[in-house]
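Data block below; observations after.
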There are 2 protein chains.
Amino acid sequence: MLSTTARTTLNRSKERGRTDRADLYAVLDAGLVCHLGLVAGGSPMVIPTGYGRVGDTLYLHGSTGARSLREAAGAPVCVTVTHVDGVVLARSTFHHSVNYRSAMIYGTLRVVEDPAERMEGLRAITEQLAPGQWDALRLPDRKELAATAVAAVSLEEASVKTRQGPPKDDDEDYALPIWAGVLPLVVSWGTPEPDPALPPGIPIPEHIRNRG
Amino acid sequence: MLSTTARTTLNRSKERGRTDRADLYAVLDAGLVCHLGLVAGGSPMVIPTGYGRVGDTLYLHGSTGARSLREAAGAPVCVTVTHVDGVVLARSTFHHSVNYRSAMIYGTLRVVEDPAERMEGLRAITEQLAPGQWDALRLPDRKELAATAVAAVSLEEASVKTRQGPPKDDDEDYALPIWAGVLPLVVSWGTPEPDPALPPGIPIPEHIRNRG
């Protein structure tokens, strides 16, 4: 079950709320980029960044030279992952909407110091972005590890909202001669583009060519 | 030209920064959903929501019953729009990356009171989500307008970051027998799905069927 704190309990459109932890995992595991919200100098800051999940921990990384992760260590953060599935075209402007799946996680940013957990976090972040790559690549060396900050956020306090299906119009609007429905947004992988610097004879690995 | 305040000036990866206001418009105009960051009870909150642009003003809307827009009135916000264009597959985990275009806007949330500007904002938000719909639909009535909060953020302070192209690996890694390149992420419109409640004989309008 997901948390039931005040800020993860929906006040409106309650029918869009999901309460199962599996729904949270599904939204997170299907994403590439999250939006990390933190407070910097009293103002909010929303940063798009990669992430990875291990159990009930979300991992983020950044350069040790970047202000954002450093300043947010120990501070409250909000991480949001959103998938847009389509545009909901209603008969009135008021009921126009979006079909989506989104997760919001509230927590405190913990800077990961333990070398094994740091490596586990980096592995999760890489595999989220490009499944199958971690075992195929040159892994981070000491210098690269020193330049990389790894941070963790617990998935304890989180909410999931989804909207799917056709528009919900006002009763009297269904008689209007206006087309209504959903225009789906389709996200798919294109054809892999080899690095021009690639030597000849290196085939595209199966996990990249047939990524699901 | 875009702003050159401390928080919109890149400290790292400066080559990814764009300084032309047209780049900001291009990122915003291509999006469906932004991530609105605000501070609620001392903690950051990141909300996915629709938006629209009129000149150098970004419009947002919400229910007058929702806490978020109401609490953020007059407060600093950050609005981020992100497009993921592909996964950058390097020869090392360290240089794995994402091709993307993103805009971050820092401003103060202004609640729009003027009826004409409110309508202009709602039109921009609807047209961003579904171009061509505003003139085809039943427009908001008095009751709906009373239930809708419209807010504005100036685009004065904003930054744009993009990354495109193949991976940039360490010199010595180019000799590794590892495939490298870009796996593009392709976002396209699917086939419109008519509302099951639609009476027969209403064709799919051109602006929905052939949306670019």
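The values are calculated or read from the model by the stated rules, or taken from the named source; none is laboratory data. Nothing here was measured: the structure is a model prediction, and the numbers come from that model. Please note: Cβ atoms are built from the backbone with ideal geometry, for glycine as well, and neighbour counts cover all protein chains shown. Please note that ligands, DNA and RNA were not included when accessible areas were found on the heavy atoms of the full protein model with its side chains. Shrake-Rupley method; radii C 1.70, N 1.55, O 1.52, S 1.80 Å.
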| request: Can you work out which of the residues in the range A:164-186 that are exposed (fewer than 15 other Cβ atoms within 10 Å of the Cβ) and under 25 Å from the mean Cα position of the chain (by Cα) is nearest to the other protein chains (Cβ to nearest Cβ)? | output: A:VAL186
| task | Restricting attention to the range B:118-155, report how many residues are within 9 Å of chain A (Cβ to nearest Cβ), touching a residue at least 24 places away in the same chain (Cβ under 8 Å) and basic (Lys, Arg). | result | 1
| field | Count of the range B:145-163 residues which are touching a strand residue (DSSP E or B) at 6+ places or on another chain (Cβ under 9 Å) and open to solvent by 10 Å² or more (accessible area, probe 1.4 Å) | value | 10
| task | Hand me the list of strands (runs of 3 or more DSSP E) wholly inside the range B:9-89 holding 2 or more residues that are more than 9 Å from every other protein chain (Cβ to nearest Cβ). | result | B:52-54, B:57-63, B:76-89
| remark: Apart from one, (1) open to solvent by 60 Å² or more (accessible area, probe 1.4 Å); (2) facing chain B (nearest Cβ under 10 Å) all hold for A:PRO200; the odd one out is (2)
| Quick one: is B:HIS95 open to solvent by 60 Å² or more (accessible area, probe 1.4 Å) and either under 13 Å from the mean Cα position of the chain (by Cα) or not hydroxyl-bearing (Ser, Thr, Tyr) (or both)? | no
| Applying the selection to the range A:129-144, what residues are open to solvent by 60 Å² or more (accessible area, probe 1.4 Å) and of a type in the set (A, V, I, L, M)? | A:LEU139
| request: Just give me the residues in the range A:69-92 being among the small types (Gly, Ala, Ser), buried (at least 20 other Cβ atoms within 10 Å of the Cβ) and either at pLDDT below 95 or more than 29 Å from A:TYR174 (Cα to Cα) (or both), in sequence order. | output: A:ALA72
| Is it true that B:TYR106 is among the aromatic types (Phe, Trp, Tyr), more than 12 Å from chain A (Cβ to nearest Cβ) and crowded, with 18+ Cβ neighbours inside 10 Å? | no
| note | The condition from (1) modelled with pLDDT under 95; (2) open to solvent by 70 Å² or more (accessible area, probe 1.4 Å); (3) not aromatic (Phe, Trp, Tyr) that A:PRO194 misses is numbered (1)
| remark: Only one of B:ARG101, B:ARG118 is open to solvent by 30 Å² or more (accessible area, probe 1.4 Å), assigned to a strand (DSSP E or B) and not β-branched (Val, Ile, Thr), namely B:ARG101
